Amino acid sequence: NPDNNDNYEFVYISLISFEESGELPMARLGDSSALMVGDFVLAVGSPFGFQSTVTSGIVSALGRETSGRMGNNIAEYIQTDAAINPGNSGGALVTLRGEVVGINTWIASRDGGSVGVGFALPINAAQRAINDFIESGSVRYGYLGIFVSSASDAMRQALGVAELGGALAWSLVLESPAEAADFRPGDWITHINGSEVRNSSELVRVVGALVPERESRFTVYRDGRMLELQVTIGLRDNSIKTKVRDWPGIFPIHLDEKLRAELGLGS
């Protein structure tokens, strides 16, 4: 990235099937949702080609987003000051108990070396993809059929959602699970299956993690009241149609006094 010189390495996870007559030492997978800021962790990898290097540090922050710099926010990352350099990507981030809690993924750096700002994919996010692949041979992402965004303070005030967390459904894909469930452009989504949605990035992650062909419950704010919508989640694939219906308020148009009068809109 020439603008801020952040350094990214994409991680490809392979699933290997093998048979072994003897007993092998196996890494234990931990629970990345149980991590707390300040927990001690070790980063394992091969920085600059130095095999099996271990560095130590703490969990510096949780829930870090990429802000679109690596494409869609498919996960919130673990930030650590354990030294991570080019070549660490794909290595394990482990606790002092030896439990794998993350997969080293990328660093933020001006010169390409570690400055104590490294990021790991939480193992819980990776584990779901691995389980999908074992069960069905592919990673299955949930599909709703809306385009979402955050909203400015002024827009939130106008929508009456200034005090609510959530995301704006500004566009609806026709013939999608969302349309079948009576979603409408302009709905403000606040909860999925009873859990609060903080923003549009979180909504994208949660919907992607929903199991296709199962029913989920969405809470939306529409026209001054809260509604519950039951949705049968679809399977995201390349055949998804993209004909959409937009919320008119997402593309505001200035109307002069004459046109407002002709339309009977007053003030």
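Assorted remarks:
- Taking (1) modelled with pLDDT of 85 or more; (2) in contact with a Pro (Cβ under 7 Å, 6 or more places away or on another chain); (3) open to solvent by less than 30 Å² (accessible area, probe 1.4 Å) in turn, residue 86 satisfies each apart from (3).
- As for region 163-173, it holds at least one residue that is farther than 12 Å from residue 148 by Cα, without any contact (Cβ under 8 Å) to a residue 24 or more places away in the chain and surrounded by fewer than 17 Cβ atoms within 10 Å (Cβ to Cβ).
- Residues located in region 215-229, provided they are open to solvent by less than 90 Å² (accessible area, probe 1.4 Å), out of contact with any His (no Cβ under 9 Å at 6 or more places or on another chain) and in a strand (DSSP E or B): 216, 221, 222, 227, 229
- Some residue of region 126-148 being within 30 Å of residue 83 (Cβ to Cβ) and either modelled with pLDDT of 90 or more or touching a Gly at 6+ places or on another chain (Cβ under 9 Å) (or both): yes
- Close Cβ contacts (under 8 Å, 6 or more residues apart or on different chains) running from residues in region 93-113 that are over 19 Å from residue 39 (Cβ atoms) to residues that are open to solvent by less than 20 Å² (accessible area, probe 1.4 Å) and aliphatic (A, V, I, L, M) comprise 107/84.
- Residues in region 30-52 that are assigned to a strand (DSSP E or B) and modelled with pLDDT of 95 or more were compared, and the one that is farthest from residue 114 (Cα to Cα) is 40.
- In region 194-214, the count of residues that are in contact (Cβ under 8 Å) with a residue 60 or more places away in the chain, open to solvent by less than 30 Å² (accessible area, probe 1.4 Å) and assigned to a strand (DSSP E or B) is zero.
- If you filter region 1-29 down to residues that are among the acidic types (Asp, Glu) and at pLDDT 85 or above, you find that the one that is least open to solvent (accessible area, probe 1.4 Å) is 20.
- Extreme residue, most open to solvent (accessible area, probe 1.4 Å), among residues of region 55-83 that are among the hydroxyl-bearing types (Ser, Thr, Tyr) and at pLDDT 95 or above: 56
The values are calculated or read from the model by the stated rules, or taken from the named source; none is laboratory data. All values reported here derive from a predicted model rather than from experimental measurement. Heads up, the Cβs are rebuilt from the backbone with ideal geometry, glycines too, and the neighbour counts pull from every protein chain shown. Keep in mind that these areas ignore ligands, DNA and RNA; they rest on the heavy atoms of the full protein, side chains included. Shrake-Rupley method; radii C 1.70, N 1.55, O 1.52, S 1.80 Å.
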